[in-house]
Amino acid sequence: MFLVKEFSSEVDSMAVGKRLKRKDADTKVTGEAPYAYDMSFADEQYLAVIRSPYAHARIVNIAIDYKILESLGVVAGTAKDIPGKNILHVILDDWPLLAEKVVRHVGEPVVILVAASLHLAEEARKYVSIEYIEIPAVFDPVEAKDHPTIQIFEENNVCSYWQQKNGDVEKGFAESDIVIENEYRTPAQEHAYIETQGCIAVPQGHDSMTVYGSMQCPFYVQRCVAEILGMEWSKVNIIQTTTGGAFGGKEDVPNQVGSLAALGAWLVRKPVKFLLTREEDIETTSKRHPAVIRYKTGVTKQGELKAIKVEVFLNTGAYATLAPAVLYRAAMHAAGPYRCGNVDVQAYAVTTNLVPFGAFRGFGSPQVIFPGEEQMDRAAESIGMDPSDFRELHILKVGDKTTFGQVIDQSVGLEQTLHKAREQSGWYKKRKPTPTIAQVLEEQKKGKYRRKGIGISTIFYGCFLGAAGKLMSRSGAYVQVEPDGSVRFAVGTTEMGQGMITVLSQIVAEELGIEYEKVYMTPVDTSRVPDSGPTVASRATIMSGRALQDACKQLRTLIYDKVALKYEVDATDIEIKEFQIQEITTQKKLLSVSDAIKLVYQERGQIAVAGWDVAPPTHYDNEKGQGDAYSAYAWCTNIVEVEVDSQIGTVDILNIWAAHDVGKAINPQTLEGQIEGGSLQGLGYGRYEEIIFTPEGRVLSNNLGTYLIPTTKETPKIHSIIVEDPWSGGPYGAKGIGEQPLMGIAPALTNAIANAVGVRLNTIPATPERVWAAIQEKIEEEKV
Amino acid sequence: MYSNEILSPTSLKEALAIKDQYVNDIFPLAGGTDVLVMVRNKLGVWGESPVLLNLNNIPKLNFILETDSNIEIGPLVTHTQLLESPIIQKHVPALIKAISIIGSPQIRNLGTLTGNVCRASPAADTLATLYARDTQVQIQTVNNSKLVPIKEFITGPGQINIPENGLVTKIVIPKLEGYFGDYISLRQRYALSIVVVSIAVEALLSKDRSRMDDIRISLGAVAPTIVRATKTEILLKSNAFTKNLIEKAEKMIIEESRPITDIRSNKRYRKAMTGVLLGRILREILSH
Amino acid sequence: MNVKITINGKLITREVPENRRLLDFLREDLGLKGTKYGCDQGECGACSIILNNKIVTSCIILMAQIPQNSTVLTIEGTDHVLQLIQEKFKEFGAAQCGACTTGMIMAATSLLHLDPKVNQKEIEDGLCGVLCRCTGYTKIYDAVKEAQKQL
């Protein structure tokens, strides 16, 4: 059902598959690329937000000394001043812009202050006093689910539920020789994009509103601003500024940031700048959902994988925001890329009184992949099998059914990634028998306390939004050729550092036979570009790519028609090769593509077209726990080599081998950039990063000196291995790469730690304190 | 961002006069890596936007001197200067080891040793070695100058014992001949991070290497200030230096240390690590 | 105070509040917005510039602290090593989101000014003061090493 251009090797390509220089590099290395904080507007005002100091409280009274504020030139706004609806739409519409009666997390916005300087806006805080009555709060998702008295979301605090059901899981456990059962905990991870959140709202009186800002999904912001201001969507323009990293953190949060700025601008009828400080950003914006996962695996001594049972409790924080979608991905990825006939996954998203958690690269999957891949290793260990061999027995191959019953009939490169990663890492040579704790202590006595270890994970990634997000799985594109032979294209997906502009430009160049250097992307402005759906779920290259292919195909036909007329050849007998238009049968070169475009222009032919794409169908039946969850799957094997100090518990990472089946590498250089960066972020998740909350629910690690991401000195050698098993639905066979580099690093790391010193962790990150405590526990258990 | 008034004298005399006049309403500013962060984050007295006494226009406060028995370091000397100084490299190698892992090149190019001393953080990398060296701090006022032992100068986390009109004008590190000096720190990250536990040792073996003639052990991040492990020091000085003694010392220092749980680590781990780190340094000495 | 400072080879004399940060002086007063920032407290390194031949974080320096007749090199400056590293960053895809890029390039420039022959370990030490969340630092190392070959 999909048109796939046959695409065999790089020799044929004009742009796709090449390491072409990034389109955005020139202005980024000079610092000229304008970020939100680099912009200024005449008469701009600044916004300060008065936020809840409590995790859960009733607002009794908001007293604002308007007289003094007026004399100072400061304007205050509360929920009552919102001209439209006090709702930030994401999925469930439970998230207000400004709290009115109840605050549900520390840092929740209650009042905004707008003034000519930030200093003045901050000073004006003292003229607003908010009276609260604290009410009991809950922070743990297991505790919050069905909480008898504390109610945050409807009656049971469960804002979303997904399940997987396959076979008979109890029968499966009964048939198992060994059953492994553990409870795991994963932390809140902060995106720590280097550019903090920020938006500037510029009103045109009360007629229309333009919002500039750092964001992933301008069309989300457009809807929220329109609904908050009670304006028609068409009167709200959102312009994305150069975005300094996002990783999911700028998916839904700019709805809030942009809307707060827009409300301020509406009230004062002047441009309003709202740039978050690092502390404000970490304390009050989304992070990766912390989770509790109960995981039970049954195997036979021969190595059969008999049953998998998983319970997932995602801590969503105070508002659902993206939780139903995040939970869907967690539920679908919970049993892993394996064949297993008996599976039961029960997944709950539970509201608590922490900051609302949200999208973060991997989107719910890293939380279940860490336990899942730990369990696979423990299962292999329990029957004395090499963990890579054990996985190889069970991984999905072409024609296999996933645990949720989807038959995958093509593009399954997992086995290839496993083989390549194992080969390049020297797995069998490096993998030494896991020591007993007595051996570790014996070596310590001889002064040898550093031990190496190597660990593995095999994962899959359901590409794009899948069945839960299918309504957004469409994409638009405009393409226009210019009389000088250059091409401009517009899509609504965004560049945030991942390299999308570059990759899409390569696709357009390839499709039209135009030099890559002559292709330009229009900056994303919702009034000028089509809605291509959100820039999430590793979908931009594929979905915007497909829409661009659709547009380019139309444009090619328009060009061929004019050429056919002029050269008196058959329009169906024309092709593009090496930037030239030629007759297929005679292979005669007719003219360059640039000249053909000039010809179309002179002939008053159509030079601008729109493309559209709808994702292949997906369907998930949550009652049955079965369905075609995603259009396609990407696959990956990670191998991590560590050195552990068994006395101190420090874990140094020596190497990461990351083998990814991406279908097709449109640009191997930017692809490697994604693998390297994602792997390091995954390493951060597994080894270093953890948001610490106070017992009152406030973020304690609120700056980059207490929330620690890896520096150059923690970074191992990262070996990117690209596997291309094409997917017929993707442009040139591509499947996306944004998220999977992060997803499987944590368990490969903890499995390597286990191999080095013989201890297992049920909680990440693998801090020295945790590794050391696990070693001490084992010493006590085994009384050595 | 900063609304503090700043006074920038060009001589020490002038600086002392200003301090004498403003007393507790003015705070000295050298490298600023800590002071400016404290002011920005409105921490404690820094939140009141105090007047800042900028010392950077007094070039005479920038010196590293070697005298017969001491190394003297001026208040404007940065970490990078110390790292590059042959005097420090020769006489206080453990300090070089400590400084080389502070922050990042950016921070080391700005931050000063005197700033470290005056900020009195129990986790400061440089302080453990300064304690092991029985370093002295020179405090000057308009009409007075005195040397105070560092352990009397620092009284608590962020707290120092200085007259309200006084400025620190010199750090005096005694030379130690024939000593083996070492410093080990554990941290959450290898760059841009703060100490979880640290230990500095200065040890003098007897000629026949059978005993410790002297040993000074100081611990960082296990108490409100850097502390000397005096009981462990006594144990090590009063017995034959053997493997067996090292094991006893490991146990004793764990016993002796009183760390807390905070954002960076927990009490149990910190306590255990004092033993592991001391053991490593002592075994190194024994094997040489 | 009256500052006399050479920025990117150009002598600048002007009146400036003593409590102004060097970062704000560069960005707001001089319009040199190539110097970015990310934390305001010397933890991320995005605002790194070269002051009197040393790499520093401009967010925690007040104008009062800077000696008269100082020299500053920012990303906008003209410098053989700087331009070479910029080129190599482009060639190797070492800039992704770009928010740390100019700080990272300044740190690399400073490192190679001090010693063009630094090894991998020294490159890691030299660049550890700038946090990058996109690249895994790998392409940055590639770019710096390639620049070294041409020095």
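Determine whether A:Ala608 is assigned by TED's automatic domain parsing to the domain that holds A:Val481, within 34 Å of the chain's Cα centre (by Cα), at pLDDT 95 or above and among the aliphatic types (A, V, I, L, M). Spelling it out, A:Ala608 is indeed assigned by TED's automatic domain parsing to the domain that holds A:Val481, within 34 Å of the chain's Cα centre (by Cα), at pLDDT 95 or above and among the aliphatic types (A, V, I, L, M).
When B:Ile184 is tested against (1) part of a helix (DSSP H, G or I); (2) more than 30 Å from B:Asn24 (Cβ to Cβ), exactly one condition is not met: (1).
Just one of the listed residues (C:Ser110, C:Ser58, C:Ser70) is at pLDDT 95 or above and under 21 Å from A:Glu279 (Cα atoms), and it is C:Ser58. The criterion of at least 3 residues that are surrounded by fewer than 24 Cβ atoms within 10 Å (Cβ to Cβ), out of contact with any strand residue (DSSP E or B) (no Cβ under 7 Å at 6 or more places or on another chain) and without any contact (Cβ under 8 Å) to a residue 60 or more places away in the chain is met, among helices (runs of 4 or more DSSP H) falling completely within segment A:666-784, by A:768-782. Being in contact (Cβ under 8 Å) with a residue 24 or more places away in the chain, out of contact with any Ser or Thr (no Cβ under 6 Å at 6 or more places or on another chain) and either within 8 Å of another protein chain (Cβ to nearest Cβ) or surrounded by fewer than 20 Cβ atoms within 10 Å (Cβ to Cβ) (or both) is a property that holds for C:Ile61.
Of the residues in segment A:8-20, at least one is surrounded by 16 or more Cβ atoms within 10 Å (Cβ to Cβ), within 14 Å of another protein chain (Cβ to nearest Cβ) and not in a strand (DSSP E or B). Of the strands (runs of 3 or more DSSP E) lying entirely inside segment B:22-79, the ones with 3 or more residues being farther than 23 Å from B:Ser193 by Cβ and more than 9 Å from chain C (Cβ to nearest Cβ) are found at B:26-29, B:64-66, B:70-73.
Scanning segment A:255-286 for residues that are within 14 Å of chain C (Cβ to nearest Cβ) and among the charged types (D, E, K, R), we see that the one that is farthest from A:Phe357 (Cα to Cα) is A:Lys273. Taken together, the residues in segment A:30-72 that are touching a Gly at 6+ places or on another chain (Cβ under 8 Å) and within 14 Å of another protein chain (Cβ to nearest Cβ) amount to 7.
Looking at segment C:64-86 only, could you name the residues that are among the polar types (S, T, N, Q) and surrounded by 19 or more Cβ atoms within 10 Å (Cβ to Cβ)?
C:Gln65, C:Thr74, C:Gln86
Identification of strands (runs of 3 or more DSSP E) wholly contained in segment A:119-227 with 3 or more residues that are among the charged types (D, E, K, R) yields A:178-186. Residues satisfying the criterion are present in segment A:607-627 (criterion: touching a strand residue (DSSP E or B) at 6+ places or on another chain (Cβ under 7 Å) and of a type in the set (Lys, Arg)). Filter segment B:195-224 for residues that are in a loop (DSSP other than H, G, I, E, B) and buried (at least 22 other Cβ atoms within 10 Å of the Cβ); which is nearest to the chain's Cα centre (by Cα)? Among residues in segment B:195-224 that are in a loop (DSSP other than H, G, I, E, B) and buried (at least 22 other Cβ atoms within 10 Å of the Cβ), the one nearest to the chain's Cα centre (by Cα) is B:Ala221. Criterion applied to B:Ala124, B:Ala203, B:Ala128, B:Ala120 was being touching a Lys or Arg at 6+ places or on another chain (Cβ under 8 Å) and either closer than 26 Å to B:Ile87 by Cβ or not small (Gly, Ala, Ser) (or both), and the one residue passing it is B:Ala203. Residues in segment B:243-277 that are part of a helix (DSSP H, G or I), more than 12 Å from chain A (Cβ to nearest Cβ) and within 22 Å of the chain's Cα centre (by Cα): B:Ile253, B:Ile254, B:Glu256. Scanning segment A:435-473 for residues that are crowded, with 18+ Cβ neighbours inside 10 Å, in a strand (DSSP E or B) and not hydroxyl-bearing (Ser, Thr, Tyr) returns A:Arg451, A:Gly453, A:Ile454, A:Gly455, A:Ile456, A:Ile459, A:Phe460, A:Gly462. Taken as a whole, the structure places A:Lys562 among residues that are surrounded by fewer than 24 Cβ atoms within 10 Å (Cβ to Cβ) and either in contact with an Asp or Glu (Cβ under 7 Å, 6 or more places away or on another chain) or among the β-branched types (Val, Ile, Thr) (or both).
Set side by side, the residues B:Glu164, B:Glu177 differ, and just one is out of contact with any strand residue (DSSP E or B) (no Cβ under 8 Å at 6 or more places or on another chain), part of a loop (DSSP other than H, G, I, E, B) and in contact (Cβ under 8 Å) with a residue 12 or more places away in the chain, which is B:Glu164.
Considering only residues that are farther than 14 Å from A:Ile82 by Cα and either touching a Pro at 6+ places or on another chain (Cβ under 6 Å) or not in a helix (DSSP H, G or I) (or both), which ones fall in segment A:250-268? Within segment A:250-268, A:Lys250, A:Glu251, A:Asp252 qualify. Pairing residues of segment C:108-135 that are more than 11 Å from every other protein chain (Cβ to nearest Cβ) with residues that are in a helix (DSSP H, G or I) and of a type in the set (Asp, Glu), at Cβ distances under 9 Å and at least 6 apart in sequence or on separate chains, gives C:Asp115/C:Glu122; C:Val118/C:Asp125.
Say whether the condition of being assigned to a strand (DSSP E or B), farther than 23 Å from A:Val169 by Cα and outside the structural domain of A:Ala55 (by TED's automatic domain parsing) is met by at least one residue in segment A:292-310. Scanning segment A:292-310, I find no residue that is assigned to a strand (DSSP E or B), farther than 23 Å from A:Val169 by Cα and outside the structural domain of A:Ala55 (by TED's automatic domain parsing), so the answer is no. Comparison of C:Asn52, C:Asn69 shows that the only residue that is under 14 Å from the mean Cα position of the chain (by Cα) and farther than 22 Å from C:Ala95 by Cβ is C:Asn52. For A:Phe274, the conditions (1) aromatic (Phe, Trp, Tyr); (2) over 20 Å from A:Leu120 (Cα atoms); (3) touching a helix residue (DSSP H, G or I) at 6+ places or on another chain (Cβ under 7 Å); (4) in contact (Cβ under 8 Å) with a residue 40 or more places away in the chain are fulfilled apart from (2).
For segment C:35-146, give me every one of the helices (runs of 4 or more DSSP H) that falls completely inside it and has 1 or more residues that are over 24 Å from A:Arg361 (Cα atoms), out of contact with any His (no Cβ under 7 Å at 6 or more places or on another chain) and among the acidic types (Asp, Glu).
Counting at least 1 such residues, we get C:80-92, C:120-127.
Mind listing whichever residues of segment B:99-113 are more than 7 Å from every other protein chain (Cβ to nearest Cβ) and in a helix (DSSP H, G or I)? Of everything in segment B:99-113, those that are more than 7 Å from every other protein chain (Cβ to nearest Cβ) and in a helix (DSSP H, G or I) turn out to be B:Ile99, B:Arg108, B:Leu113. In the set (1) farther than 30 Å from A:Ala547 by Cα; (2) more than 9 Å from chain C (Cβ to nearest Cβ), the condition left unmet by A:Gln681 is number (2). Against the definition (over 15 Å from A:Lys296 (Cα atoms) and of a type in the set (Phe, Trp, Tyr)), how does A:Tyr161 come out, yes or no? Yes, satisfied.
Can A:Leu98 be described as part of a helix (DSSP H, G or I) and over 30 Å from A:Gly625 (Cβ atoms)?
So A:Leu98 fails the test.
The values are calculated or read from the model by the stated rules, or taken from the named source; none is laboratory data. Predicted, not measured: the structure shown is a model, and the values here were computed from it. Please note: Cβ atoms are built from the backbone with ideal geometry, for glycine as well, and neighbour counts cover all protein chains shown.
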